[in-house]
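The values are calculated or read from the model by the stated rules, or taken from the named source; none is laboratory data. Everything numeric here is computed off the predicted structure, so don't read it as measured data. All Cβ positions, even for glycine, are placed from backbone atoms using ideal geometry, and neighbour counts span all protein chains on display.
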Amino acid sequence: MTNDYSVNILKQACNMTDGSQRHSYENQILLYHLDENMSKEDLIKFIKEDNLEEPYEVVEGRSIQWKVAKVIDVFEVLGFEGHFEDGQEVYSRFLTDDEDLDFILGKYFPDYVFEDAAE
């Protein structure tokens, strides 16, 4: 059986030439119809694969790609009667901090990260 879920993710831009992480972040909340029996590992893998963006060239001539750095949280949406496409974005913000991933997680998501939490 599938249920409706809200998935909060943190994306980070990566340089395609050397694979290094850029200090560019986007926090998104997306809606999905997901199997209620999907394992945590399969859910994380699915979300990361579904949100891997195509690389593109930026002003300085480098190719970058946005990838899911962390799945922050997953909530079942109860009582929703509307229609949505899987992966529909309902919220997005770019984080302007020029810092590494650990700093961003500590500043914006200090209390809980779904991907890192014990089951």
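Figures for the structure shown
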item: Flag if GLU76 is within 14 Å of ILE9 (Cβ to Cβ) and touching a strand residue (DSSP E or B) at 6+ places or on another chain (Cβ under 7 Å); result: no
item: Single residue of ILE72, ILE47, ILE64 found to be over 14 Å from the mean Cα position of the chain (by Cα) and buried (at least 16 other Cβ atoms within 10 Å of the Cβ); result: ILE64
item: Some residue of the range 23-33 being touching a helix residue (DSSP H, G or I) at 6+ places or on another chain (Cβ under 6 Å), surrounded by 13 or more Cβ atoms within 10 Å (Cβ to Cβ) and of a type in the set (Phe, Trp, Tyr); result: yes
item: Selection from the range 90-111 of residues that are more than 17 Å from GLN21 (Cα to Cα), touching a residue at least 40 places away in the same chain (Cβ under 8 Å) and assigned to a loop (DSSP other than H, G, I, E, B); result: PHE109
item: Residue pairs meeting the criteria (Cβ under 8 Å; at least 6 apart or on separate chains; first farther than 14 Å from ASN27 by Cα and in contact (Cβ under 8 Å) with a residue 24 or more places away in the chain, in the range 41-70; second assigned to a helix (DSSP H, G or I) and charged (D, E, K, R)); result: ILE44/GLU115
item: Residue match in the range 12-25 (condition: over 15 Å from the mean Cα position of the chain (by Cα), more than 19 Å from ASP116 (Cα to Cα), at pLDDT 95 or above and of a type in the set (Ser, Thr, Tyr)); result: no
item: Residue ID - farthest from ILE44 (Cα to Cα), chosen from residues in the range 64-89 that are part of a strand (DSSP E or B) and aromatic (Phe, Trp, Tyr); result: TRP66
